[in-house]
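This report concerns only the one structure given below.
Every number in this text was worked out from the coordinates using simple rules, so none of it is lab data. Predicted model only: the values in this text are computed from it and were never measured. In this analysis, Cβ positions are derived from the backbone assuming ideal geometry, glycine residues included, and neighbour counts consider all displayed protein chains.
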Amino acid sequence: MQELVVHRVGISSLGKLIGTWQAILGLIVGVIGAIVSIVSVFANTHHGVLAGIAIGIGIVLGWVIVYPIVMFLIGWIQGAVLAIIFNIVVSGSGGLKMNVTESKLEVAKATTRK
């Protein structure tokens, strides 16, 4: 077992990680929200066929495309702020100690490269 000490986290890297996670959650929530919204709109209003199709397309675009993009941006900002705070705290505390072990696969890859 090796002990590693993390002294700094990349702001953009953590932002992308948390942003991507938020986008995935946003897509899941967006699909559910789109289904619920479409069912609700069609159950409670009386539109023509073309108006119903237009409303359905608008709902799907909003929930399944725009919502995950907005969630990614919010997640990226959260990740960047978290990385900045982490870097400030870690610089004053001497780092974050982590115990890690190499997997057998990584050891096998390292020996075949030599």
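Condition (residue is among the aliphatic types (A, V, I, L, M), in contact (Cβ under 8 Å) with a residue 40 or more places away in the chain and touching a Lys or Arg at 6+ places or on another chain (Cβ under 8 Å)) applied to the stretch 81-92: is it met by at least one residue? Steps first, please.
First, pick out the residues of the stretch 81-92 that are among the aliphatic types (A, V, I, L, M): 81-85, 88-90.
Retained after the next criterion (residues that are in contact (Cβ under 8 Å) with a residue 40 or more places away in the chain): 82-84, 90.
Now narrow it down to the ones that are touching a Lys or Arg at 6+ places or on another chain (Cβ under 8 Å): 90.
Checking the stretch 81-92: at least one residue is among the aliphatic types (A, V, I, L, M), in contact (Cβ under 8 Å) with a residue 40 or more places away in the chain and touching a Lys or Arg at 6+ places or on another chain (Cβ under 8 Å).
The set of residues in the stretch 54-101 that are surrounded by 12 or more Cβ atoms within 10 Å (Cβ to Cβ) and assigned to a loop (DSSP other than H, G, I, E, B) contains only Gly95.
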